[in-house]
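The values are calculated or read from the model by the stated rules, or taken from the named source; none is laboratory data. Quick caveat: nothing in here was measured; it's all calculated off a predicted structure. Cβ: placed from backbone, ideal geometry, glycine included. Neighbour counts: every protein chain shown. Just the protein is used for accessible areas: all its heavy atoms, side chains included, with ligands, DNA and RNA removed. Shrake-Rupley method; radii C 1.70, N 1.55, O 1.52, S 1.80 Å.
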Amino acid sequence: MVDQVAILGVGMHPWGKWGKNFVEYGVKAAEDALKDAGVAWTDIQYVAGGDTIRNGYPGYVAGATFAQALGWNGAQISSSYGACASGTQAIEAARVRILAGLCDVALVVGSDTTPKGFLAPNKGTRGDDPDWLRFRVLGATNTTYFGLYARRRMSLYGATSEDFAQVKVKNARHGLTNVNARYRKEVNAEEVLSSAMVADPLRLLDICATSDGGAAMVLCSMEFARRFTTNPVTIAGISAVTPTYPSTVIEMPNFSTDSAAAVAMPARPFRDSIAYAAYEQAGIAPEEVNVAEVYDLSTALELDWYENIGLCPTGDAVKLLRDGDTTIGGRVPVNPSGGLACFGEAVPAQAIAQVCELTWQLRGQAGARQVEGAKVGITANQGLFGHGSSVIVKR
Amino acid sequence: MKKRVPAVDGWLNIDPAHPRLIGTKCSACGSIFFPREAVRCRNPRCGSPNLEATELSARGTLWSYTGAEYQPPEPYVPRTNPFQPFAIAAVELAAEKMVVLGQVDGVGVKDLKIGMEMELTLDTLLEDDETETITWKWKPVSGGSHS
Ligand SMILES: [Zn+2]
């Protein structure tokens, strides 16, 4: 078990398709997090930015971009990129700095302005870039990989398109009153099942959109937190692991898996190992989790995560869903925020937003979507090119 | 006769009589890599620089599959106008103990079933006046018509 850091404040800019500069979303989220914490911007000693790669140079140096927009205060900075896991990389940078005693209070910010449609690779011809080649040679989009997992779950564990639709129905209901969610509308299974097929067996409403949005957190040492609160939400564990060779499940953007011909498969496949590392660090068991925010890039993928984070044995995710265990009011609600189904993905902000939601849940401030009595929460996410991402919070 | 070239240099044997994916095999530990690994064996306990070209099995079983119902964004180049949906297969190779992706040749998702035997075929990826760029595809061994 490692020492904890406190989450003193959280804030978000609502998700949507606002078409503004990403910096504006980040600044709004940062202002809200600072206000929530009761800490002045000028007292922040470290700024950790989550990078966006779709907004030019300011996006690559997000930490400095946000620091400048808030007004240079001489803080130390970093900018992190880990694809969808960028937010967790930024949180971890700040947390490690605090645990090392190099600063008392830090600001973490991620925000994005995203283009319409499929996420595509950067422009230019790059014959040695697997991300470029998979589009060129295979026509494989991100949804291709989600489709492969979904079909596999249907074949192995008897999941149905109706089950996938029910994930969307659940998350749409969860997010109904979430002011930060982009989509706040009930969806019924029939609407999902009659939406356009995109990546068989996944339909348009099974797949999350891309959105603009921003999220921020103020992290501090436990000692610093005592000036403000006697009972802060804390970070108990963070996992940002890579896979262990050989990684034998096909992962975006790869053409193949590793080969297990010479070296046996590791004890845990990559996605299982992500949460496992966070649990180990936190000294918390999956049975203790009260609420989870997982990366539902597709409805079917949410079911995969139930098993990956240990909410149920492999193959039982559909049973968990059908039994209502993962619905608010059930044993362990998943994506009470509404998840990516209601948000759409704002890449560098999303992993931070997951932790913001858990913070509100553990403080009992989640309003109509409150998970009663939640004391322990976990986030799970994965960035392409082997970025694990899981944060365990407790109160 | 147009010049035939592989979709990615060194990734596949485009001999119509002997279509094969080409990976590399570590001489020290036997690990196999596709796409080819040329600098260092990625087995973290090996790391040998001795990697030799090796052809992968031309048959495997269907691990999973999906369809591309909408035209993928650039740099994908559609072969038809309007765009024709296609299937993508993930095929597990028994000897190599690995899964390799490929577009599906000739049939759509409705003709596929996890566990069925698949074989490697060649097809045209791109074409201009001088050059035909050849890629690999997967095709069910039994059933399914060749396009
Ligand atoms: Zn080796």
Practice problem: Among the numbered conditions (1) within 16 Å of the ligand (Cβ to nearest atom); (2) under 19 Å from B:Ile134 (Cα atoms), tell me where B:Val104 comes up short. | Solution: (1)
Practice problem: Please go through segment A:114-154 and pick out each residue that is touching a residue at least 40 places away in the same chain (Cβ under 8 Å) and touching a Lys or Arg at 6+ places or on another chain (Cβ under 7 Å). | Solution: A:Thr114, A:Pro115, A:Ala140
Practice problem: For residues that are among the polar types (S, T, N, Q) and away from the ligand (no atom under 16 Å from the Cβ), scanning just segment B:9-64, find the one that is nearest to A:Ser259 (Cα to Cα). | Solution: B:Ser57
Quiz prompt | Condition check for A:Tyr157: more than 10 Å from every other protein chain (Cβ to nearest Cβ), within 24 Å of B:Thr61 (Cβ to Cβ) and either in contact (Cβ under 8 Å) with a residue 24 or more places away in the chain or among the polar types (S, T, N, Q) (or both) | solution = yes
Quiz item: Which number in (1) away from chain A (no Cβ under 11 Å); (2) open to solvent by less than 10 Å² (accessible area, probe 1.4 Å) marks the one condition that B:Glu132 misses?
Solution: (2)
Quiz item: So how many residues does segment B:32-87 have that are within 22 Å of B:Ile14 (Cα to Cα), within 8 Å of chain A (Cβ to nearest Cβ) and assigned to a strand (DSSP E or B)?
Solution: 4
Quiz prompt | Within segment A:1-109, helices (runs of 4 or more DSSP H) holding 2 or more residues that are within 22 Å of the chain's Cα centre (by Cα) and among the basic types (Lys, Arg) | solution = A:86-99
Quiz item: For residues in segment A:243-257 being farther than 13 Å from A:Gln382 by Cβ and within 16 Å of the ligand (Cβ to nearest atom), which is least open to solvent (accessible area, probe 1.4 Å)?
Solution: A:Pro246
Exercise. Among the numbered conditions (1) farther than 27 Å from A:Pro58 by Cα; (2) surrounded by fewer than 19 Cβ atoms within 10 Å (Cβ to Cβ); (3) within 13 Å of another protein chain (Cβ to nearest Cβ), tell me where A:Arg126 comes up short.
Key: (1)
Self-check item: Output for segment A:258-294, where each listed residue is within 16 Å of the ligand (Cβ to nearest atom) and open to solvent by less than 20 Å² (accessible area, probe 1.4 Å)
Solution: A:Ser259, A:Ala260
Quiz item: List, please: which pairs have Cβ atoms under 9 Å, are six or more places apart or on different chains, and start with a residue in segment A:161-180 that is open to solvent by 20 Å² or more (accessible area, probe 1.4 Å) and end with one that is basic (Lys, Arg)?
Solution: A:Ser161/A:Arg203; A:Gln166/A:Arg322; A:Leu176/A:Arg184; A:Leu176/A:Lys185; A:Leu176/A:Arg369; A:Thr177/A:Arg184; A:Thr177/A:Arg369
Self-check item: Which numbered condition A:Gly16 fails, given (1) in contact (Cβ under 8 Å) with a residue 40 or more places away in the chain; (2) open to solvent by 10 Å² or more (accessible area, probe 1.4 Å); (3) in contact with an Asp or Glu (Cβ under 7 Å, 6 or more places away or on another chain)
Solution: (2)
Practice problem: Taking the residues in segment A:224-272 that are within 26 Å of B:Tyr65 (Cβ to Cβ) and assigned to a helix (DSSP H, G or I) as candidates, determine which candidate is farthest from the other protein chains (Cβ to nearest Cβ). | Solution: A:Asp272
Quiz prompt | Residues of segment B:50-107 satisfying the condition of being of a type outside the set (A, V, I, L, M, F, W, C), open to solvent by less than 20 Å² (accessible area, probe 1.4 Å), in contact with a Ser or Thr (Cβ under 7 Å, 6 or more places away or on another chain) and closer than 30 Å to B:Ala28 by Cα | solution = B:Glu96
Quiz item: When segment B:6-29 is examined, which residues are found to be more than 15 Å from the chain's Cα centre (by Cα) and either away from every other protein chain (no Cβ under 12 Å) or of a type outside the set (D, E, K, R) (or both)?
Solution: B:Ala17, B:Cys26, B:Ser27, B:Ala28, B:Cys29
